[in-house]
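The values are calculated or read from the model by the stated rules, or taken from the named source; none is laboratory data. On a predicted model such as this, the values are computed, not experimentally measured, just so you know. FYI the Cβ positions are ideal-geometry reconstructions off the backbone, even for glycines, and counts take in every protein chain you see. Just the protein is used for accessible areas: all its heavy atoms, side chains included, with ligands, DNA and RNA removed. Shrake-Rupley method; radii C 1.70, N 1.55, O 1.52, S 1.80 Å.
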Amino acid sequence: MLESDYRAMRLAMVETQLRKRATEDQQLLARMEVVPRHCFVPHAVRHQAYADHPLAIGDGQTISQPYMVALMTALLQLKPSDRVLEIGTGSGYHTAVLAGLCGHVVSIERHPRLSEQARACLTQLRITNATLHCADGSLGDPASAPFDAIVVAAGSPRVPPALSRQLTDGGRLVCPVGDRKQQELLCIQKKGDGFVTTSHTPCIFVPLVGKDGW
Ligand code: SAH
């Protein structure tokens, strides 16, 4: 398949799966029109890179459905100066989307192979404002905290307390919360000493494994 074929599929993805359905945020939609999602998936499934579902990326993990990436990112309400923490780098695709919309991304993945592959993809795309770590992301990154936005790409029994503690005042955290089979996508915003929680959509994510996860 040619790059121009992938580009046509990507523009169709934005029109049919994302615009109006997931978000009307023009900057986010423009970012998803340019990030080459096919570069982040295994060769064998590249032809499905722009389809409306998650795809296996090895180690029992998945690259999230484009709709879910758009929805989660829209909920973060990113500003160009924001510092963002992502838990569950996976393929690195969402990292690439985030990097174009904020100042800096720290992304944590527990599988070394996935983290290394994601790093290679981001380097190839000359994305320089993302730092990848291989560690238990359920504990966040206290050394770099606080963050203006935190996104968790794995399902958790509760919003990991270590993560909500790493938000700035006014900061937003998006996390799938529920049991191992199904979760609800929650967005919490830190307001002074408290949090305002909103619930968005039922969803199915791989489990957040770790000290503050399963
Ligand atoms: N946004 C990614 C989604 C990857 S799936 C993408 O679109 O490609 C979620 C990822 O979270 C998996 O790669 C899994 O290994 C990782 N994960 C699960 N628990 C984790 C933890 N405690 N710390 C870091 N990564 C974790």
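Of all the residues that make up segment 43-66, how many are open to solvent by less than 50 Å² (accessible area, probe 1.4 Å) and either away from the ligand (no atom under 12 Å from the Cβ) or without any contact (Cβ under 8 Å) to a residue 24 or more places away in the chain (or both)?
Step one: of segment 43-66, the residues open to solvent by less than 50 Å² (accessible area, probe 1.4 Å) are 45, 49-51, 55, 57-58, 61, 63-66.
Applying the additional criterion that residues be either away from the ligand (no atom under 12 Å from the Cβ) or without any contact (Cβ under 8 Å) to a residue 24 or more places away in the chain (or both) yields 45, 50-51, 55, 65.
Final tally of qualifying residues: 5.
Could you count how many residues in segment 187-214 are of a type in the set (Phe, Trp, Tyr), touching a residue at least 40 places away in the same chain (Cβ under 8 Å) and open to solvent by 50 Å² or more (accessible area, probe 1.4 Å)? So that I can check it myself, show each step before the final result.
We begin by selecting, within segment 187-214, every residue of a type in the set (Phe, Trp, Tyr); these are 195, 205, 214.
This time we only want the ones that are touching a residue at least 40 places away in the same chain (Cβ under 8 Å), so: 205, 214.
Now restrict to residues that are open to solvent by 50 Å² or more (accessible area, probe 1.4 Å): 214.
Result for segment 187-214: 1.
Among the candidates Ala153, Ala130, Ala145, the residue that is in contact with a helix residue (DSSP H, G or I) (Cβ under 7 Å, 6 or more places away or on another chain), within 27 Å of Pro80 (Cβ to Cβ), more than 11 Å from the ligand (Cβ to nearest atom) and modelled with pLDDT of 95 or more is uniquely Ala130. Residues in segment 1-58 that are over 18 Å from Gly92 (Cβ atoms) and part of a loop (DSSP other than H, G, I, E, B): Met1, Leu2, Lys20, Arg21, Ala22, Glu24, Asp25, Ala51, Asp52, His53.
Taking the criterion of being within 16 Å of the ligand (Cβ to nearest atom) and not acidic (Asp, Glu), the residues of segment 187-214 that qualify are Cys203, Ile204, Phe205, Val206, Pro207, Leu208, Val209, Gly210, Lys211, Gly213, Trp214.
Only one of Glu116, Glu184 is more than 12 Å from the ligand (Cβ to nearest atom), farther than 23 Å from Ile57 by Cβ and without any contact (Cβ under 8 Å) to a residue 40 or more places away in the chain; which?
Values: Glu116 fails: farther than 23 Å from Ile57 by Cβ.
When all the criteria are applied, what remains is Glu184.
Looking across segment 141-173, the residues that are closer than 22 Å to Ser199 by Cβ and either in a loop (DSSP other than H, G, I, E, B) or polar (S, T, N, Q) (or both) come down to Ala153, Ala154, Ser156, Pro157, Arg158, Val159, Pro160, Ser164, Arg165, Gln166.
For residues that are assigned to a loop (DSSP other than H, G, I, E, B) and within 10 Å of the ligand (Cβ to nearest atom), tally how many sit in segment 84-113. Write out each step before concluding.
First, pick out the residues of segment 84-113 that are assigned to a loop (DSSP other than H, G, I, E, B): 88-92, 100-103, 110-111.
Of the ones still in play, those that are also within 10 Å of the ligand (Cβ to nearest atom) are 88-92, 110-111.
Number of matching residues: 7.
Is it the case that some residue within segment 74-81 is closer than 19 Å to Cys175 by Cβ and open to solvent by less than 10 Å² (accessible area, probe 1.4 Å)? Yes: one or more hits.
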